[in-house]
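Let me begin by presenting the structure, written as structure tokens, before commenting on it.
The values are calculated or read from the model by the stated rules, or taken from the named source; none is laboratory data. Keep in mind it's a predicted model, so treat the numbers as computed, not measured. With ideal geometry, Cβ positions are generated from the backbone for all residues, glycine too; neighbour counts draw on all protein chains shown. Just the protein is used for accessible areas: all its heavy atoms, side chains included, with ligands, DNA and RNA removed. Shrake-Rupley method; radii C 1.70, N 1.55, O 1.52, S 1.80 Å.
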Amino acid sequence: MPEAFLLTGPSGTLNPAAPKVDRIPFLLVLPKAAPPGTGYPVAVFGHGLGGDQGNALALADALAQAGIAT
């Protein structure tokens with residue numbers, strides 16, 4: 001796994017002297033099948049301002065059946 005890094009400042013600049021950590025909730029859905037050698041392909045679902053992470057479930061089953069993690 002790559003080493004974690006922190007971005008702070010108005011333009012997302014790295015400032016190790018003033019780290020800022022934000023928690024970002026997410027929902028991960030994986031296919032039942034074993035991952036291929038290169039790993040699962042991944043679809044990133046953005047619900048927009050009027051929804052929540054549960055909105056991804058409407059698509060996640062169909063994507064998982066196609067071997068795509070969501």
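Just a few scattered comments:
- The residues of the stretch 3-20 that are exposed (fewer than 10 other Cβ atoms within 10 Å of the Cβ) and either at pLDDT below 70 or of a type outside the set (K, R) (or both), listed by number, are E3, A4, F5, P10, S11, G12, T13, P16, A17, A18.
- Among the residues of the stretch 39-49, those identified as out of contact with any strand residue (DSSP E or B) (no Cβ under 6 Å at 6 or more places or on another chain) and open to solvent by 90 Å² or more (accessible area, probe 1.4 Å) are V44, L49.
- Neighbours by Cβ (under 9 Å, 6+ apart or cross-chain): first from the stretch 21-38, open to solvent by 90 Å² or more (accessible area, probe 1.4 Å); second among the hydroxyl-bearing types (S, T, Y): L28/T70; L30/Y40; L30/T70
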